[in-house]
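**Student:** To start, I am sharing the structure in question, which I have written as structure tokens.
The values are calculated or read from the model by the stated rules, or taken from the named source; none is laboratory data. All of these numbers come straight from a predicted model, not from anything done at the bench. With ideal geometry, Cβ positions are generated from the backbone for all residues, glycine too; neighbour counts draw on all protein chains shown. Remember, those area values only see protein heavy atoms, side chains included, never the ligands or the DNA or RNA. Shrake-Rupley method; radii C 1.70, N 1.55, O 1.52, S 1.80 Å.
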There are 2 protein chains.
Amino acid sequence: MKEELLKEFDAWVMKMSAYRMALSLIGVDKQTLAPKDGAPYRDERSAFLAGELFSVETDPHMAEVRRELLADGTISAEKRREIELLDKEIGHILVVPKDVFVQYAQLQAHAYEVWHQAKDAGDYSLFEPVLKQVIEASKKMYAYRNSGLPMYDQMLDDYEPGMTMEIYDRFFDRVRERLVPLIRKVVEAEQIDDSFLKQPYPVGKQKEFMNRYLLPYLGFDASWGYQNETEHPFTDIICENDIRVTTKYLENNVVSAILSTVHEVGHGYYGHDVAPEYDGTVFNYGISSGMHESQSRLLENYLGRTLPFWEENYPKLQSVFPDQLGNVSVEEFVRAINVGRPSLVRTEADELTYPLHILIRYEIEKGLFNGTITAEHLDETWDAYYEKYLGVKAPDARQGILQDVHWSDGSFGYFPTYALGSAFAAQFVWAMRRDIDVDELLRTGRFAEIIGWLKEHIHRYGCRYSADEIMRMATGEPFDPDCYLDYLEEKYTALYNLK
Amino acid sequence: MKEELLKEFDAWVMKMSAYRMALSLIGVDKQTLAPKDGAPYRDERSAFLAGELFSVETDPHMAEVRRELLADGTISAEKRREIELLDKEIGHILVVPKDVFVQYAQLQAHAYEVWHQAKDAGDYSLFEPVLKQVIEASKKMYAYRNSGLPMYDQMLDDYEPGMTMEIYDRFFDRVRERLVPLIRKVVEAEQIDDSFLKQPYPVGKQKEFMNRYLLPYLGFDASWGYQNETEHPFTDIICENDIRVTTKYLENNVVSAILSTVHEVGHGYYGHDVAPEYDGTVFNYGISSGMHESQSRLLENYLGRTLPFWEENYPKLQSVFPDQLGNVSVEEFVRAINVGRPSLVRTEADELTYPLHILIRYEIEKGLFNGTITAEHLDETWDAYYEKYLGVKAPDARQGILQDVHWSDGSFGYFPTYALGSAFAAQFVWAMRRDIDVDELLRTGRFAEIIGWLKEHIHRYGCRYSADEIMRMATGEPFDPDCYLDYLEEKYTALYNLK
């Protein structure tokens, strides 16, 4: 009887994964290759397949199978966790009436269009009414859960299981206390010349460096990973052994495509390196947004921006761009790619100031859901925060409140995971450096051994364990934001010769 | 009541098209970009989705809906044809027990692998036992239809509705009678120098000609069509306004990628130009294999190999390859790309000898199913036919009987449509030349007007009408093989200065 139910459960997981694979592939294709005129025809059919997936996910019979399995004291701890993970995810869907769900999806699509137009026009007032609608609709959706928890806590938990405002407050308080003064010192210090990074670097040559040197150095293997170009770089995990990453080349920025690729390859390894015994199971995915972001940022910032990384790779970059970089030393290059400078746009922010972009969004989101901030004139609130924390003011909403797509989508609670990812990464690197000589491995092209450490301590578990459990197993400690802030302080104190 | 049933029918057609779109896209992706290590994981999930499609197709309730609709005297002629087309297709599936179907699919997969290995080894004896199994399994599958018709007639009809051995015999008899002596004369005539086509033509430059000149000349528009590279060129129609074509560049052959692209774009237009009122309906597909092939061959041979086509395009090709083609006149170039010369491999055969490759396969298939030929030592039979009709003998089975994948797949009856396509095309061109000045349009870059004629008389109908009906509407005549043979005789008599 139990065996029958387990078989049914596994078949159901497989069934969902088939629809998800198809939808992922349709999505990647749409963003890379698909002819635009086919979009309405494809979208209608994708929506149908998404509906089929929804029906499979919310199948009441499978809810019953899960209930019976959970009531059985003899199932393995692993199976119990698989079931619980899905039960939680699907439970959130099941409580919402289908028509409310459909209305919400329609509102999301509409809000995306309006956001796009408002951004093009640089006019927040166009977006304000629909943002209000999205906030109200989100509140309505979450109210069905009837969990008794503060609404924003529920949102935070959706993207980062276990996280609450209480924990994030402690984290962002430390970020604020330590980074705001540090950034002030950096702004007042003697500035680093990074102008040579912004010369013309022909894209064809950038691609040559990418394909001939960078991807092989990273060990990103065409037999399981594929790179393409898109307007906004992303990583999509189609299924086991099939990872698609994209990048964007900028003619006047030699490091943009390189570091964004290192970043995406970090996501890619996390997707690829889950243990084979979890193939086809619920565990075959990253545990949370923050954990995923920790792996991409670890590669991008904690490896890809270091001197040892470039000791190996810079001579190759110079050989591709002798005119532009022939007279720039590797030390000058590495200093330039680490410049810290307050700016307006999150996706272009540097490692030092990035967490404050997130802090601002966190405080605004929290305010929107505890009633202390409203969508009314939210552009002004936004600008005031940027002024306060980063000392910069957007010339228009395009570079201000309208820069990110997330809120049009109702993705409240997502942003904080970006900063958390950097902080997780700092602690993982701290532990990794106890075990292996990271700098020596970077310097001698033994990148695979670094990935090996990550695989052994993080990637292979997929979502078998929680982020908190993985942090404790990998580092021997609970998550500690100061590990991250110590790293930033040390790095930028040295870089800018601060007292 | 009728309205309800019609609504149900349309929703069901939409549902099938969603699965078909996903499976097409997964297939194209697999052949172009997908990392190979993901294949087993993707394949398992694709097989699941194909199974879902099968369940939708064979839904007994929908068979009942179709039955009721067909019994209703008031439905439109269009809707009746839609239902009848699906009824026929699905009827063939419904009569076969599911386990037989599954076994057959497994045998196909196995036979493909064995064919591949046998081809690599150049050894027919490896493939012979599994070919026998495929033939027996095909016979078993067709026997369930219990139609009383000769088995090979049923197979022919599956790929080309309405075709029978009687009609094909008449066609191939004329092909044999007229082409065998014509080819003999060509072989004995003074040969044309085409050696300059086989110099090194750097692939990068070939792509430049493709993207800068050829695709724009053909009007192949990135907003609805996309080109990629594969080992074997193909066209896949993902859905309305979404056509994917592929090509293969050969360093030592300047016309291979060009003419194969013209060919595939012919398929592409047929897929794209079905009337918008048929969007999402059964009619939104080409009517048959032969009709599809007629459109690709029309573009490739009847337009792409003509002097007027190259009067416009050759100076551009010369500008890209001044060293290779600077001293070759357009007349010499066009003569060279039309050389007729018996050869071993169908996919590399020229316009003149191609139909004999098909004739050989037709005679063998017919013999296999009427009992006059067996799979035993079929390589010897194959070689004897090639000797007899083309005067050539394969050095091994790789270039002989194992060159094509079709039989491993059980696709008996497919080959004849390739020759039929060329013959259909000849008759369409004959009619088109009555209406418009094709040469002048080619010469002046007004390719869109030629496509316009094809769209008006052929493409827009999709499969609303049968191939026979379309032939009569477009040309005013029933299909006449001599139109094709007259064309070849006239063309090659002039080209080789034959008496």
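**Student:** List the distances, in nm to one decimal, from the label point of B:Tyr144 to the label points of the same position in every other copy, shortest first, placing each label point 7 Å from Cα along the Cα-to-Cβ direction.
**Tutor:** Label point to label point, same position, other copies: 4.2 nm.
**Student:** So, one more: Say a label goes 7 Å from Cα toward Cβ at B:Glu188 in every copy; what distances in nm does this one have to the rest, shortest first?
**Tutor:** 10.2
**Student:** For helix A:77-94, what angle does its Cα long axis make with the longest principal axis of chain A, in degrees from 0 to 90 and rounded to 10?
**Tutor:** 80
**Student:** Sticking with this one: Quick one: ranking B:Val265, B:Val392 by accessible area, 1.4 Å probe, largest first, what do you get?
**Tutor:** B:Val392, B:Val265
**Student:** With a 1.4 Å probe and all protein chains kept in place, how much accessible area does B:Phe283 have, in Å² rounded to the nearest 10?
**Tutor:** It works out to around 0 Å².
**Student:** Label-to-label distances across copies for A:Ser223, with labels 7 Å out along Cα→Cβ, in nm, shortest first?
**Tutor:** 4.4
**Student:** Something else now. Could you work out, residue by residue across B:45-57, how many beta carbons of other chains sit within 10 Å of that residue's beta carbon, and then give the average as an integer?
**Tutor:** So the per-residue partner count for this stretch is 3.
**Student:** I'd like the accessible area for B:Ser147, computed on protein heavy atoms only with a 1.4 Å probe and all protein chains in place. Round to 10 Å², please.
**Tutor:** Answer for B:Ser147: close to 60 Å² accessible.
**Student:** Distance in nm between label sites at A:Ala189 and B:Glu376, each 7 Å beyond Cα in the beta-carbon direction?
**Tutor:** So the label points at A:Ala189 and B:Glu376 sit 8.8 nm apart.
**Student:** What FRET efficiency would be calculated for the residue pair B:Asp72, B:Glu277, taking the C-beta separation as r and a Förster radius of 22 Å, to the nearest 0.05?
**Tutor:** E(calc), rounded to 0.05, equals 0.50.
**Student:** Further question on the same structure: Count the net charge of all other residues whose Cβ sits under 13 Å from the Cβ of A:Gln206, scoring Lys and Arg as +1 and Asp and Glu as -1.
**Tutor:** Net of charged neighbours comes to +2.
**Student:** Okay, moving on. Summing +1 for each Lys or Arg and -1 for each Asp or Glu, what net charge is found among the other residues whose Cβ lies under 11 Å from the Cβ of B:Arg42?
**Tutor:** Net of charged neighbours comes to -3.
**Student:** Roughly how much of B:Asp486 is accessible, in Å² to the nearest 10, using a 1.4 Å probe?
**Tutor:** In the full protein context, B:Asp486 sits at about 70 Å².
**Student:** Then there's this: Tally the DSSP beta bridges in the protein assembly as shown and give the antiparallel ones as a percent, rounded to 5.
**Tutor:** Details: 10 of 20 bridges.
Percentage antiparallel, nearest 5: 50.
**Student:** With r defined as the distance between the Cβ atoms of A:Ser55 and A:Leu250 and R0 fixed at 45 Å, what FRET efficiency is calculated, to the nearest 0.05?
**Tutor:** Values: r = 43 Å, r/R0 = 0.96.
It comes out at approximately 0.55.
**Student:** Additional query: To the nearest 500 deg cm²/dmol, what mean residue ellipticity at 222 nm is calculated for chain A from DSSP H runs of n ≥ 4 alone, each contributing -39,500 (n - 2.57), summed and divided by the residues?
**Tutor:** Helix contribution divided over all residues of chain A: -20000 deg cm²/dmol.
**Student:** Still on this structure, please answer the following. Work the Kirkwood hydrodynamic radius out for the stretch B:2-146: mean of 1/r over every pair of different alpha-carbon atoms, inverted, in Å.
**Tutor:** Result for the stretch B:2-146 stands at 18.0 Å.
**Student:** Something else now. With a 1.4 Å probe and all protein chains in place, put B:Lys198, A:Lys119, A:Lys388 in order of accessible area, largest first.
**Tutor:** Heavy-atom accessible area, descending, gives A:Lys388, B:Lys198, A:Lys119.
**Student:** Then there is this: When DSSP beta bridges are limited to those with both residues in the stretch B:165-495, what percentage is antiparallel, rounded to the nearest 5?
**Tutor:** Restricted to the stretch B:165-495, the bridges split so that about 50 percent are antiparallel.
**Student:** Which order do A:Arg297, A:Arg434, B:Arg446 take by accessible area at a 1.4 Å probe, largest first?
**Tutor:** A:Arg434, B:Arg446, A:Arg297
**Student:** Give, rounded to the nearest 20 debye, the magnitude of the charge dipole that the stretch B:2-146 has about its Cα centre when Lys and Arg contribute +1 at Cβ and Asp and Glu contribute -1 at Cβ.
**Tutor:** 220
**Student:** Just counting partner chain Cβ atoms within 10 Å, what average do the residues of peptide B:231-242 show around their Cβ? All intermediate terms of the calculation are to be shown ahead of the outcome.
**Tutor:** Working: counts 0, 0, 0, 0, 0, 0, 1, 8, 6, 6, 8, 9.
The per-residue average across the peptide is 3.
**Student:** Can you give the average number of partner chain beta-carbon atoms within 10 Å of each beta-carbon in peptide B:385-394, as a whole number?
**Tutor:** 0
**Student:** For the rotation taking chain A to chain B, which residue of A has the Cβ nearest the axis, and how many Å away is it?
**Tutor:** Result for the A and B rotation: A:Ala22, 2.
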